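The values are calculated or read from the model by the stated rules, or taken from the named source; none is laboratory data. Values in this document were obtained by computation on a predicted structure and should not be read as measured data. Cβ: placed from backbone, ideal geometry, glycine included. Neighbour counts: every protein chain shown. Please note that ligands, DNA and RNA were not included when accessible areas were found on the heavy atoms of the full protein model with its side chains. Shrake-Rupley method; radii C 1.70, N 1.55, O 1.52, S 1.80 Å.
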Amino acid sequence: MPGGTPSLTVDAFLAAGGPLVDVRSPGEFDQGHIPQAINLPLFSDGQRAQVGVCYEQQGRQAAVLLGLALVGPRLQELAQGLTTLAQPGQPLRLHCWRGGMRSSSMAWLAGSLELPVLLLDGGYKAFRRWVLASFDRPLPLLLLAGRTGTGKTDLLQALAQRGQAVVDLEGLANHRGSSFGGLGMAPQPSSEHYENLLAATLLALQGRSPIWLEAESAQVGRCRIPGAIWRQMGEAPVIEIQRSQQERVGQLVATYGPHGQEALGAATARISRRLGPQRSAAALAAIEVSDWAGACAQMLDYYDRCYDHELTRRQHPLLASFDLSGLDPAAAAAQLLRDPALPHS
């Protein structure tokens, strides 16, 4: 702890106020970081690699000297960055990978500017251990299930607006979960950062019950649901929602139709083996003439079979089933929350 700078446990560090500053390299930050953190890197990716090689080949002292040579010309720039991030009456929360030289160096620089600082004991590595351990805690999960096009995500958002504790697994992953799920979405986070986002969301809901989330496959796009959470989901009670075929097709057309022939055709081709030759040909022919409803009808036949198989295989305890046909998400959420048999926050 340079100059007596406080070094906090993960829980205390996350609970403390003040800007959260990650001083690792941009590549490390992009792979995964504490949600809400701002990247103010001490080294570039290339410089970090240089220092690492120097440490392995010549030892710690040579690596420290190289690091000083690389950082020296940027001290004013780094000092300006810290000053810009600082907020009156709040400390800067700094961390690096292991709570070592990089965060200590930035804490020294902040101290020279008379900026208060808190350090994370063990750095981002300790945070990652905390993330994985957090998934082992028993959670009061309540799964929302339903076939493709029943509007589960919209319903979850409506439940959140009514004060329910909700985890949007697809929203955190920037993916809707199918071959078409990435259309129109922002780039997906890494699985590591997906875990970080999920842990932060669960921390914000700590003490709430139940926690609503959608029944998902083990992977949402390229983001894998943590094994400990997946196992708890497999044992959680389920509420199944139903809607008419017409509404489901309309929901899918509204969601995916705007993305056009090329994107929809490519997504269909990716699952052509699973769709089978007849369904694939019919879907692609419908897409070719912008018949979005016709294409969606072919997809629903396939996805319904997948849904039925998955729900049977997982053997969730089914609490109730609701036909929400004709109801918008707000009215559907209200109907669920009026049911005395269901647990509510």
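Which of the residues belonging to the range 122-157 are closer than 20 Å to LEU342 by Cβ, in a helix (DSSP H, G or I) and in contact with a strand residue (DSSP E or B) (Cβ under 9 Å, 6 or more places away or on another chain)?
LYS152, THR153, LEU155, LEU156, GLN157
Would it be correct to say that GLN298 is more than 26 Å from the chain's Cα centre (by Cα) and open to solvent by 60 Å² or more (accessible area, probe 1.4 Å)?
No: the conditions fail for GLN298.
Under 6 Å by Cβ, and 6 or more places apart or on different chains, what pairs join a residue from the range 142-161 that is in contact (Cβ under 8 Å) with a residue 12 or more places away in the chain with one that is hydroxyl-bearing (Ser, Thr, Tyr) and surrounded by 20 or more Cβ atoms within 10 Å (Cβ to Cβ)?
Every condition considered, the pairs that remain are THR148/TYR303.
Please verify whether GLN80 is at negative phi and either surrounded by fewer than 16 Cβ atoms within 10 Å (Cβ to Cβ) or touching an Asp or Glu at 6+ places or on another chain (Cβ under 6 Å) (or both), treating the condition exactly as stated.
yes
Rundown of residues vs (1) farther than 20 Å from GLN76 by Cα; (2) modelled with pLDDT under 95; (3) of a type in the set (Ser, Thr, Tyr), yes/no style:
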residue: LEU94; (1), (2), (3): no, no, no
residue: MET101; (1), (2), (3): no, yes, no
residue: GLY122; (1), (2), (3): yes, no, no
residue: LYS125; (1), (2), (3): yes, no, no
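Which one is farthest from ALA12 (Cα to Cα) among residues in the range 31-48 that are open to solvent by less than 20 Å² (accessible area, probe 1.4 Å) and touching a strand residue (DSSP E or B) at 6+ places or on another chain (Cβ under 7 Å)?
ALA37
Condition check ((1) closer than 25 Å to LEU342 by Cα; (2) touching a strand residue (DSSP E or B) at 6+ places or on another chain (Cβ under 9 Å); (3) open to solvent by 10 Å² or more (accessible area, probe 1.4 Å)) across all residues:
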residue	(1), (2), (3)
PRO189	no, yes, yes
ARG208	yes, yes, yes
GLY227	no, no, yes
GLY234	yes, no, yes
GLN242	yes, yes, yes
GLN251	no, no, yes
ALA266	no, no, yes
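Tell me, which helices (runs of 4 or more DSSP H) wholly within the range 238-340 include 2 or more residues that are of a type outside the set (Phe, Trp, Tyr) and at pLDDT 85 or above?
245-256, 260-270, 277-288, 292-314, 329-338
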